[in-house]
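**Student:** After the structure tokens below, expect a handful of questions from me.
The values are calculated or read from the model by the stated rules, or taken from the named source; none is laboratory data. The model shown is predicted, which means the values in this text are computed figures rather than measured ones. Every residue, glycine as well, gets a Cβ built from its backbone with ideal geometry; the counts of neighbours run over all protein chains shown.
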Amino acid sequence: MERVDESAPRMRRGLLARLQDGPVVCAEGYLFECERRGYLQAGAFVPEVVLEHPEVVAQLHRDFVHAGSDVVEAFTYYGHREKLRVIGREGVLEPLNRQALDIAKAVATESGSLLAGNISNTTIFARDLERQAQVRAMFAEQVQWASDAGVDYVIAETFTAVEEAALACQVIKEAGLPAVVTLVPEFTDGHRREVRAGWRAAEACKRLEDAGADVVGLNCCLGPKTMYPYLEGILQSVSVPVAALPVPYRTHYGEPAMQALIDPTLGVRPFPVGLDPFTCTRFEVAAFARLAQAAGVRYLGLCCGAGPHHIRAMAEALGRTPPAHRYSADMTKHYAYGEDARRFAPAPPGSSAPGSG
């Protein structure tokens, strides 16, 4: 029998084929992770690191794949014309996008991972025709560069306006590419509002399916505990695969989004750079992954705040053994606690709702 070279890159298969075989894991959260590493400014949140330190972006891609991500997502989130205009760097728009795609493509090729392009909310969407034409043009140029790079599909994410998400989907489908489109409900002063324009999450996702999206769902802002209740309604409303990519923070009903969390010690909102005390453990992330998969979610991941250890926990919860699994914790080997390793085991799955707090 012919030997298989385990060190050789895996053959790439398309997103829809992968989804037929089982869940796809997608690591997001590049903005927060690059900010934590000291290569990106919070507030502006523009991915200038792509041009200034491409080696950092490449290593982060590799770290996420090593941890279990099936996808290398080009770091073009907030790399659109409006965000670059605000910081006075609109002139690097095309070089930034093409460089990000080249970096992602190199890592996807070497690892056999899916290669995803990325567009996001434009921050300027409105319902007048002139503004919509402007937004469409912004989407079109980014999708064209992604198409030129040979992406497997395009992620359109973090939309509060269903109309903007549908417009993004339309541009992606016109380019002949699969589209993963995810929404985030809006929040005002910590109180829940449904997705803008009166659409509930399930209804909004159904509208995106009707617009041609291949995968629909939610990403960002909501932690595991506050995203999970939305999923059942979405799963019942659509026939395409459903995506769930929460932030790994301990949100709860009273403070359902990471932007709404209040630091009880300081009495302030810690978003975006003081969220550390609210970070989910890898065990909470694993519990969410198991529950979401059992419910029928097929496209799983994490957004802002995710680290490679979170992605590894999610992959392991789905029964995977990514390369990083070799280094998963084993307290039986600890010099002091090895004889009582059970003290450090996580709570059994299902012992509480996903997340905590």
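**Student:** If I ask for residues that are part of a loop (DSSP other than H, G, I, E, B), within 13 Å of the chain's Cα centre (by Cα) and farther than 19 Å from V24 by Cα, which ones from the stretch 206-223 would you list? Let's see the steps before the verdict.
**Tutor:** Kept after step one, since they are part of a loop (DSSP other than H, G, I, E, B), are these residues of the stretch 206-223: 211-214, 220-221, 223.
Narrowing further to those that are within 13 Å of the chain's Cα centre (by Cα): 220-221, 223.
Result: C221, G223.
**Student:** What are the pairs with Cβ atoms under 6 angstrom where one residue, in the stretch 302-325, is closer than 18 Å to P23 by Cβ and among the β-branched types (V, I, T) and the other, located anywhere, is modelled with pLDDT of 95 or more and crowded, with 21+ Cβ neighbours inside 10 Å? Sequence gap at least six, or different chains.
**Tutor:** Filtered contacts from the stretch 302-325: I311/A27; I311/F64; I311/A67; I311/G68; I311/S69.
**Student:** Still on this structure, I have one more. So, in the stretch 309-333, exactly how many residues are in a loop (DSSP other than H, G, I, E, B), of a type in the set (D, E, K, R) and under 21 Å from the mean Cα position of the chain (by Cα)?
**Tutor:** 1
**Student:** Does R85 satisfy being of a type in the set (K, R) and under 19 Å from the mean Cα position of the chain (by Cα)?
**Tutor:** The answer is no for R85.
**Student:** Something else: How about the stretch 224-282: which of its residues are aliphatic (A, V, I, L, M), outside any loop (DSSP other than H, G, I, E, B) and touching a residue at least 12 places away in the same chain (Cβ under 8 Å)?
**Tutor:** Selection gives M227, L231, I234, L235, V242, A243, A244, L245, A257, M258, A260.
**Student:** Condition first: among the acidic types (D, E) and modelled with pLDDT of 95 or more. Now tell me which residues in the stretch 239-282 satisfy that.
**Tutor:** Step one: of the stretch 239-282, the residues among the acidic types (D, E) are 255, 263, 276.
Answer for the stretch 239-282, where residues must be among the acidic types (D, E) and modelled with pLDDT of 95 or more: just D276.
**Student:** Could you tell me how many of the residues in the stretch 96-125 are more than 24 Å from L19 (Cβ to Cβ), more than 18 Å from the chain's Cα centre (by Cα) and small (G, A, S)?
**Tutor:** Residues flagged as more than 24 Å from L19 (Cβ to Cβ), more than 18 Å from the chain's Cα centre (by Cα) and small (G, A, S) within the stretch 96-125 amount to 1.
**Student:** Is it the case that the stretch 89-102 has a residue that's closer than 24 Å to E186 by Cβ and polar (S, T, N, Q)?
**Tutor:** Within the stretch 89-102, not a single residue is closer than 24 Å to E186 by Cβ and polar (S, T, N, Q).
**Student:** Now, a different point. Can you find, within the stretch 126-145, the residue that is farthest from the chain's Cα centre (by Cα) among those that are within 14 Å of C169 (Cα to Cα) and of a type in the set (G, A, S)?
**Tutor:** Here the answer is A137.
**Student:** A further question on this structure: So for the stretch 306-317 (the condition being β-branched (V, I, T) and more than 16 Å from D63 (Cβ to Cβ)), does at least one residue qualify? Break it down into steps so the answer makes sense when it comes.
**Tutor:** Filtering the stretch 306-317 for residues β-branched (V, I, T) gives 311.
From what's left, more than 16 Å from D63 (Cβ to Cβ): none.
Scanning the stretch 306-317 turns up no residue that is β-branched (V, I, T) and more than 16 Å from D63 (Cβ to Cβ).
Condition check ((1) in contact with a helix residue (DSSP H, G or I) (Cβ under 9 Å, 6 or more places away or on another chain); (2) at pLDDT 95 or above; (3) crowded, with 21+ Cβ neighbours inside 10 Å; (4) in a strand (DSSP E or B)) across all residues:
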{"site": "H66", "(1), (2), (3), (4)": "yes, yes, no, no"}
{"site": "G88", "(1), (2), (3), (4)": "no, yes, no, no"}
{"site": "G91", "(1), (2), (3), (4)": "yes, yes, no, no"}
{"site": "L96", "(1), (2), (3), (4)": "yes, yes, yes, no"}
{"site": "A108", "(1), (2), (3), (4)": "yes, yes, yes, no"}
{"site": "G117", "(1), (2), (3), (4)": "yes, yes, yes, yes"}
{"site": "I124", "(1), (2), (3), (4)": "yes, no, no, no"}
{"site": "R127", "(1), (2), (3), (4)": "yes, no, no, no"}
{"site": "V135", "(1), (2), (3), (4)": "yes, yes, yes, no"}
